[in-house]
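Before any comments, here is the structure.
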Amino acid sequence: MTIPRQKVVVVGAGPVGALAALYAASRGDEVEVYELRGDLRDPTTVPLNFTKSINLALSERGITSMTNCGRDDLIENVLREAIPMHGRMIHGRDRGDLWEAAQAYDVHGRAINAIDRGTLNNALLDELEKTPNVKLFFNHKLTGADFRTNKAWFERRIPGDTPVADDAGVAGRVPEIEVSFDYLIGADGAHSAARYHLMKFARVDYQQEYIDTLWCEFRIPPSEDGNFRISPNHLHIWPGREFMFIALPSADKSFTCTLFAPSSHYNFLETSPEDLHGFFDSHFPGVCPELIEPAALSEQFVANPHLPLISIKCNPHHFNSSIVIIGDAAHAVLPFYGQGLNAGLEDVRVLFEQLDKHGVYDPHSSVYTRGLKRQAGFQAYTDQRCADTHAINDLSKENYLEMRSGVKSPLYKLRKTIEETIDRHFPIFGWKTQYARVSFSNQRYSEVIEAVQHQSQVLGLGLSGALVASVGALSILAWKYPQYLSPMGLIRCSRHLACVGLKNVRNFIHV
């Protein structure tokens, strides 16, 4: 006897929700996707709380997750529009002169990919639209859910619909529909309605934090001849101790830029707009007027919203066999590691790997046993992803400190050089930088932290041993040859070395 197909409701048609719908559809489920906004492929559809968004950085985890969805052309179509970024380009000014210094992400030449959110979302939605067992419902707002009877209610906000009266005769309500499901996937972002209703049924430990940093978007236009004004293959950073300005390349040869700064700085600049240009000249040299005209800088600062950054952790990510949450709905991540999108896409891969592993899609299961297997798969997903998403949340917060100040630190540069040298010349040790483990592998985030902590201990012991050996060697020299380590002895040694060097130069010229 063949059991009926599962009906899966996905709330949220962003990149993470769309990929989840593709995974479910590829396994034969009947999938319905409900999105609060209008069709996201329509240029007139405005995002919920801002006009634009930070460019996305697609790296190994996201690419692997998209590759595994069974759509061979999808990742090729997405990467065709992407711009590879091979490292950071640090900008500054020294004694009046502008300078820039490149820092490669990886000794093996691997890159992360800058991509427009709309380009990625459109590619995923196009795949869903041509999939026969998927239905898309835009302008539908999740207003209620019962995860014991597996029902959800959506307000249908279709333009032109006439509001109806409620049971008490109060006018103004929009039509509401009831939807049944086998399970629901909540992928509706940091302010998730699915998570809100989940918390009525599950004992969810929930932590939300707004860091004292706001962000505002700017744009560096293409040059007059239609090319990039600065290197397109780098993530550009103007670091400051408390703030930073970054720029990511876009396909139209412009750069999408973001100012991250404490709210106090925004308050100051909002009340003293005449100081904006001086603020940029002092902290982000070379941005204005070289890359952004002063008038455009002022206009964008006023017109573009100044938005907060939220960090969310919660546990569990599911309830029974009825609902599971993914992406920002489960773990809003700060943007400073470029892993928010990649972690969300990886959620989808891990979720369906666990469902497969626990036999949810075994055709010989009964409806009852399938529900039990799905609950076990959800629990395994929660156990794995809570540890990992909490880890990337912490790593992202730490990386903000590195980006805004650590990238110029001599100690940071020394450690980076040592680790990259070991990685390049002694691969047998399996030594990788933290950034390489996060961005160029599928290693679990929690395991990345453990590996990096172990490497730090080994490196610390090695440097301590080298320091002790150096001190010991100097002590022996001081005991055996005290005349060479006196001030006059050091001067004589320096003169001797200089004479030998000059003699060698003369011999070289003579030859």
Exercise for the section: Taking the residues in the range 279-297 that are assigned to a helix (DSSP H, G or I) and open to solvent by less than 40 Å² (accessible area, probe 1.4 Å) as candidates, determine which candidate is farthest from Ser223 (Cα to Cα). Expected result: Phe279
Exercise for the section: Determine, yes or no, whether Asp347 is open to solvent by less than 10 Å² (accessible area, probe 1.4 Å), closer than 17 Å to Ala25 by Cα and out of contact with any Pro (no Cβ under 9 Å at 6 or more places or on another chain). Expected result: yes
Exercise for the section: Can you tell me which residue within the range 144-156, out of those that are in contact (Cβ under 8 Å) with a residue 40 or more places away in the chain and either β-branched (Val, Ile, Thr) or touching a Leu at 6+ places or on another chain (Cβ under 9 Å) (or both), is surrounded by the most Cβ atoms within 10 Å (Cβ to Cβ)? Expected result: Ala145
Practice task
Return yes when Val324 is in contact (Cβ under 8 Å) with a residue 12 or more places away in the chain, open to solvent by less than 20 Å² (accessible area, probe 1.4 Å), part of a loop (DSSP other than H, G, I, E, B) and not polar (S, T, N, Q) and no when it is not.
Solution key: no
Handout entry: Any hit, the range 351-362, residues being aromatic (Phe, Trp, Tyr) and surrounded by 22 or more Cβ atoms within 10 Å (Cβ to Cβ)
Key = yes
Handout entry: Qualifying position, being surrounded by fewer than 19 Cβ atoms within 10 Å (Cβ to Cβ), under 22 Å from Phe138 (Cα atoms) and touching a residue at least 12 places away in the same chain (Cβ under 8 Å), among Ile211, Ile177, Ile185, Ile230
Key = Ile177
Completion exercise
Here the residues within the range 123-143 that are buried (at least 20 other Cβ atoms within 10 Å of the Cβ) and under 27 Å from Ser59 (Cα atoms) are Ala123, Leu124, Leu125, Glu127, Leu128
Exercise for the section: Assess whether Leu259 counts as being over 30 Å from Ser26 (Cα atoms) and either of a type in the set (Ser, Thr, Tyr) or in contact with a Leu (Cβ under 8 Å, 6 or more places away or on another chain) (or both). Expected result: no
Fill in the blank from the handout: Inside the range 293-320, the number of residues satisfying the requirement of being within 30 Å of Ala202 (Cα to Cα) and either aliphatic (A, V, I, L, M) or out of contact with any strand residue (DSSP E or B) (no Cβ under 6 Å at 6 or more places or on another chain) (or both) is 6
Problem - Where Leu128 falls short, out of the listed (1) in contact with a Leu (Cβ under 9 Å, 6 or more places away or on another chain); (2) farther than 29 Å from Trp431 by Cα; (3) assigned to a strand (DSSP E or B) - result: (3)
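The values are calculated or read from the model by the stated rules, or taken from the named source; none is laboratory data. All values derive from a computational prediction rather than experimental measurement. Cβ sites come from the backbone with ideal geometry, for glycine too, and all protein chains shown count toward neighbours. Heavy atoms of the whole protein, side chains included, go into the accessibility calculation; ligands, DNA and RNA do not. Shrake-Rupley method; radii C 1.70, N 1.55, O 1.52, S 1.80 Å.
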